[in-house]
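The structure appears below as structure tokens.
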Amino acid sequence: MHVSRGYLTINNFIIHIWMSPALRMLTVLSMFYYIYLRRRARTATRGELMNNRRAIESNRPLPINVELVQYAKEVLDFSSHYGSENSMSYTMWNLAGAPNVYPSSGDFTQTAVFRTYGTWWELCPSARLPFKRTPSNFHSQDFVELAFEEPVYPTAIHVLETYHPGSVVKILACSASPYSQNRPADVRWEVLWSEAPTKVNSPQARQFSPCIKQINFPTNLIRLELNSSLLDYYTELDGVVLHGVRKRPVLSLNTSMIAMDDLDDDDEDEERGDDLDCLNKQFSATAFKESTTNGYFDKLPYELIQLILSHLTVPDLCSLSQTCKLLYQHCCDPLQYIHLSLQPYWAKINDTALEYLQPRCVLVQWLNLSWTGNRGTISVSAFSRFLKVCGSELLRLELSCGHFLNETCMKVIAETCQNLQELNLSSSDKLPPPAFNHIAKLYNLKRLILYRTKVEQTAVLSILNFCSELQHLSLGSCVMINDYDTVASMMGAKCNKLRTLDLWRCKNITENGIAELASGCPLLEELDLGWCPTLQSSTGCFAKLARKLPNLQKLFLTANRSVCDSDIEELAANCTNLRQLDILGTRMVSPASLRKLLESCKDLSLLDVSFCSQIDNRVVLELNANFPNVFIKKSFTQ
């Protein structure tokens, strides 16, 4: 049928416009320009980066299609760091701004360092059992979130690694701006790049520039997730550079005419995330067609089907539940949710997800909500409703980096989770001090992790007084505790079952507290006194520890310059079960005392002598040759 130009349909109009050679050429050129930006960003020299940065800082308006290069403006959140809460050394805050160290290599205090590396923390007495059903593509152990000045469509991201690189396993971008005055209704996280941990053989500095995926929104919030399990020592990061353009690049609809590995949109994480969206939709069994037979499933015992399904991840269960009535019933059986870890899906978990998981989790015993709920995705009311229904059987609750938590949440935990044995609140640093008082009502607690929280001394003393079953306690980097001697004295008086204790970076414990602790907690197998500057070997505190705690398997005396030969000899004589020892930074230990230690402690596997002035590389090589089963760590600064 003939149609005049005045009455073109929309489809014909689009075809008519698309047939324009000029428009087609413009689209193709835009696509090639975008690829050019990505490749140039990945190969840019440090000089080019600095020149681009100077262009930005000159405050001259840039054309909308010119690439912007930005260093992180601010560190918003992170899971752990090696440094103190009251300084800049080895802290995540060093990731803000231009690099301090790069391209130099080595151990520098001006970099960002996480708390752990390798598998050593999984081999010590305080190690926790892993959650079942963790998806095979979830490798993240730590994270850091960075804000940038201006939202852009990312074309490249550079991570400046200055020591033992190779820890980054995932990079994500967020649709919400951290500087927006209004909270967005929908917060989206998009995976720009992800990969399983890989071994990097060299500890030298590098610029890590993975091929990132194009996204359909501008971002100024980037998240790095890391896994240090394959590293030989602490990884150190010195900066993150975001390349991008203000205007979304226009790509041709017919991209098949160009081979473009750079624009591969297939992403397993995204597919699993889409599956998990099923949590946010109500499954109705009545929607399935009636069937008289379920094939071979009718011949299988109920328990066998349950066993088969127990190997599926949560998103897989969500997908399978939509196939038929029989599998819907199996996938919704509360026995499938005895151990439930939602940490791998932190970006998708919200109030609606908790609501629809609620009837399935009435028997849950282990629950991991670490990293979830931030930026308003989980409300206090939704969390409280969930726990009131599902908390009575809980034995283990993981809430690391739970920034949605407040005193009401802690009160609900104390009232509904009376059987709770393990509670992890590490890096939940927005939880107000009064909230910790409710923990004292959890009389059955055996493990409590309060690393990097605002717990105060009064709350800690109350917890120690009432929770006498405690076996594992972490008070590392708890800067609100004023008198660790009083706390240690209470541990000695009330916690005689204590097996592991983390006092990393406690600033005021003295030989008096150590004496009370050693006398009252003879079962201690692990003790972290790293970066505790008020302990002095001349008082005999370390020698007393060695004599009183013969079961010690792990002892960290990191950065205590007073540790001396007599302390090492006491350990060799009394702590023959020792497996891990960190004496980084001491000037008073000689090679002779280390040989005695290595000869006596046959199970010793980790020995950190970094920055020990009497232990040079020649000594390390000699000890390695004579004791090949011991990993002797010796850091360096270039």
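Extension gain, Thr534-Tyr296: 0.36 nm per intervening residue step, less the Cα-Cα distance, totals 78.8 nm.
Sort out for me the Cα centre separation of the stretch 517-564 from the stretch 359-374, rounded to whole Å. When both Cα centres are located, 37 Å separates them. According to the square roots a ≥ b ≥ c of the eigenvalues of the Cα gyration tensor, what is the shape class of the stretch 321-405, taking rounded for a/c under 1.5, prolate for a/b larger than b/c otherwise, and oblate for the remainder? Taking the square roots of the gyration eigenvalues as a ≥ b ≥ c, the stretch 321-405 is prolate.
Extension gain for Trp93-Ile308 works out to 72.8 nm (0.36 nm per residue, less the C-alpha to C-alpha distance). Farthest toward the positive end of the dipole of the stretch 417-550, out of Val487, Thr539, Cys521, is the Cα of Cys521, where the dipole comes from beta carbon charges about the Cα centre.
Surface composition of the stretch 376-420: carbon and sulfur atoms hold 46% of the protein heavy-atom accessible area at a 1.4 Å probe. Once the 1.4 Å probe is applied to the protein heavy atoms, the stretch 510-638 comes out at 41 Å² accessible per residue. Which shape class applies to the stretch 388-494: rounded if a/c is under 1.5, otherwise prolate when a/b exceeds b/c and oblate if not, where a ≥ b ≥ c are the square roots of the Cα gyration tensor eigenvalues? Because a/c hits 1.5 or more and a/b fails to exceed b/c, the stretch 388-494 counts as oblate.
Where does the charge balance sit around Thr219 when Lys and Arg score +1, Asp and Glu -1, over other residues with C-beta under 11 Å from its C-beta? Every neighbour counted, the sum reads 0.
Rounded to the nearest percent, how much of the accessible area of the stretch 503-638 (1.4 Å probe, protein heavy atoms only) is carbon and sulfur? Using a 1.4 Å probe with all protein chains present, the stretch 503-638 comes out at 50 percent carbon and sulfur. Using a probe of 1.4 Å on the protein chains alone, the accessible area found for Tyr179 is around 80 Å².
Could you work out the local net charge near Asp502, counting Lys and Arg as +1, Asp and Glu as -1, over the other residues with Cβ closer than 9 Å to its Cβ? Local net charge: -2.
The modelled label-to-label distance between Asn444 and Asp616, using points 7 Å beyond Cα along the C-beta direction, is 5.9 nm.
Between Gly239 and Leu160, the built amide H atoms are under 5 Å apart, and every one of these is 5 or more places off in sequence or on another chain.
For Lys411, the lysines whose Cα falls under 23 Å of its own Cα, not counting residues fewer than eight places away in the same chain, are Lys388, Lys430, Lys441, Lys446, Lys454. Rolling a 1.4 angstrom probe over the stretch 175-220 with all protein chains present gives an accessible area of which 43% lies on carbon and sulfur atoms. How far apart, in nm, are two points set 7 Å out from the Cα along the Cα-to-Cβ line at Ser392 and at Val479? Label at Ser392, label at Val479, 4.3 nm between them. For the stretch 453-543, rounded, prolate or oblate, judged on the Cα gyration tensor with a ≥ b ≥ c (square roots of eigenvalues), a/c < 1.5 rounded, else prolate if a/b > b/c? In terms of gyration-tensor shape, oblate. Estimated at 0.36 nm per residue, the fully extended path between Gln329 and Arg385 surpasses their Cα-Cα distance by 17.8 nm. The residues of the stretch 125-225 have, on average, 38 Å² of accessible surface per residue, using a 1.4 Å probe with all protein chains present.
With a Förster radius of 22 Å applied to the beta-carbon distance between Ala592 and Asn86, the computed FRET efficiency rounds to 0.05. From a point 7 Å beyond the Cα of Ser468 in the direction of its Cβ, which residues of the stretch 533-554 have a backbone N at a distance under 19 Å? Output list for this probe position: empty.
With the convex hull drawn over the C-alpha atoms of the stretch 121-237, the volume per residue is 143 Å³. Other residues lying with their Cβ under 13 Å from the Cβ of Ala515 contribute a combined charge of 0, Lys and Arg counting +1, Asp and Glu -1.
Summarising the amide proton neighbourhood of Leu192: residues at separation of 5 or more, or on other chains, whose placed amide H is nearer than 5 Å comprise Ile171, Leu172, Ala173.
The values are calculated or read from the model by the stated rules, or taken from the named source; none is laboratory data. What you are looking at is a predicted structure, and each value in this text was computed from that prediction instead of being measured. Methodologically, a virtual Cβ is constructed for each residue, glycine included, from the backbone with ideal geometry; neighbour enumeration extends over all protein chains shown. When the accessible area is computed, the model is the full protein with side chains, heavy atoms only, and any ligands, DNA or RNA have been set aside. Shrake-Rupley method; radii C 1.70, N 1.55, O 1.52, S 1.80 Å.
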